[in-house]
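Single-structure report; data block below.
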Amino acid sequence: MPYPYVLLSAAVSLDGFLDDTGPERLLLSSRADFDRVDEVRASVDAILVGAGTIRADNPRLLVNSPERRAVRIAEGRSAYPLKVTVSGSGELDPAAHFWHTGGDKAVYTTDKGAARARGLGLAADVVALGPDLDWRALLEHLHDVRGVRRLMVEGGGTVHTQLLRQGLADELQLVLAPLFVGDPDAPRLFGPGGYQGGRLRLLETRAVGDVVLMRYEPTAPGTGRLPSAADRHWLWLACQLAALCPPSRTAFSVGAVVVAADGTELARGHSREGGDPVVHAEEAALAKLDPADPRLPGATVYSSLEPCARRASRPAPCARLILDAGVRRVVTAWREPDTFVTGADGTGLLAANGVDVVVLAEHEKAAQAPNRHLLG
């Protein structure tokens, strides 16, 4: 199911701490960076913090600039983004600034926590996620029910850790402050645990006053049939590659990318690449790889259109090429219509042979864009 774009935002000391252990909150950002954060807040639909952050920092989480609030209103949005908190227990402080500033608020909690939170009389929408906190259910509810398309997460470390470990963070905006904390009891940004492998991709580095902003996005594909944020990035690239295809009235324009389990791009291709009028995207990409490459069994193939199960132009359809390569995971945006092949079902062929197929329908329009002339 579609989720919001999830942006994690945090500032840390040079030795990786979010705060010290003093009674007052340690201010890590510079004046210029606080203004940058205000700009990011103004750009999103919702801001989320854990209940622990509300207890520790008592944040207001506002868009402070009147000019930015005016722009939001002119665009038909509320002056302030939706404020969201997460609490497994439902134990919340009704006197916290969080509840008495800004616009709408929402609490996501467990079934037991919901009963406790509703008893506090908070001016907030209380949403029970079941017996346990479920981040995927939370993000799905924000997207489908609250209309949230961009979500900014401002802490704390436990929340950031859980979202990254589950592959649900699309972007990390990390500010590095020029100071040390050195207290082993102080809170750190990320806790121990099983994170996705591979290196994150650096999107931007720039000085903001006396701090440094670093923006990263994950690259490691998801596992099994559960989509990850990196799956969305790679599939978007496949859709962009489809736009490079020479136009045709007898074949679809498709893009494909093959990505190793650690997030390394192994190959990419698109329909009719290199002047071959009948080559398919997955075929073009796989042809660039050594069939004995040991990374293929753990790789994911991203294809803007479902891999074909039948074709007349080559002996083997793309679904068969993927199976022969040993790939066992495919992510696609669009199931093949009956335009050229009736009852095409590459997904069925792959799944019947043990391949996990993930369809990210939120990219369907992007996949269809270079094929509009074929769709009537």
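We did not get these values from a lab; they are worked out from the coordinates using the rules stated. These numbers come from a predicted model, not from an experiment. For neighbour counting, all protein chains shown are included, and Cβ atoms are generated from backbone atoms with ideal geometry for every residue, glycine included.
Quick look at the numbers
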quantity: Estimated distance in nm for a label pair at Asn58 and Glu75, the labels positioned 7 Å out from Cα along Cα-to-Cβ; calculated: 3.2 nm
quantity: Neighbour-count ranking [beta-carbon atoms within 10 angstrom, fewest first] of Arg41, Arg31; calculated: Arg31, Arg41
quantity: Spin-label model distance (nm) - Ser313 vs His97, 7 Å beyond Cα toward Cβ; calculated: 6.1 nm
quantity: The range 5-217 shape via C-alpha gyration tensor axes, a/c threshold 1.5; calculated: rounded
quantity: Nearest-ten-degree value, helix 135-144 long axis tilted from longest Cα axis of the chain; calculated: 80 degrees
quantity: C-alpha center-to-center spacing [the range 1-49, the range 323-376] in angstrom; calculated: 39 Å
quantity: Exposure proxy order (Cβ contacts within 10 Å, fewest to most) of Val40, Val279, Val257, Val145; calculated: Val145, Val40, Val279, Val257
quantity: Most fluctuating residue given options Ala281, Ala124, Ala46, as computed from a GNM of the chain linking Cα atoms under 10 Å; calculated: Ala124
quantity: The range 27-135: radius of gyration and largest Cα-Cα distance (Dmax), Å; calculated: 14.8, 43
quantity: Relative exposure of Met152, Met214, judged by other C-beta atoms within 10 Å (fewest first); calculated: Met214, Met152
quantity: Spin-label pair Arg136/Phe34, simplified geometry with 7 Å Cα→Cβ offset, distance in nm; calculated: 4.1 nm
quantity: The range 5-217, relative contact order [Cα under 8 Å, separation at least 6], %; calculated: 31 percent
quantity: Estimated dipole of the chain in Debye, rounded to 20 [Cβ of Lys and Arg +1, of Asp and Glu -1, Cα centre]; calculated: 780 debye
quantity: Two-site FRET efficiency, Asp324 against Leu202, from Cβ-Cβ distance with R₀ of 30 Å, rounded to 0.05; calculated: 0.25
quantity: Selected from Leu163, Val258, Pro246, residue furthest toward positive end of dipole (the range 162-306; charges at beta carbon); calculated: Pro246
quantity: Förster-model FRET efficiency, 51 Å R0, Thr158 and Arg335, C-beta, rounded to 0.05; calculated: 0.85
quantity: Anisotropy class of the range 229-374 from Cα gyration tensor, a/c 1.5 cut; calculated: rounded
quantity: 11 Å beta-carbon shell around Ala299, net charge (K/R +1, D/E -1); calculated: 0
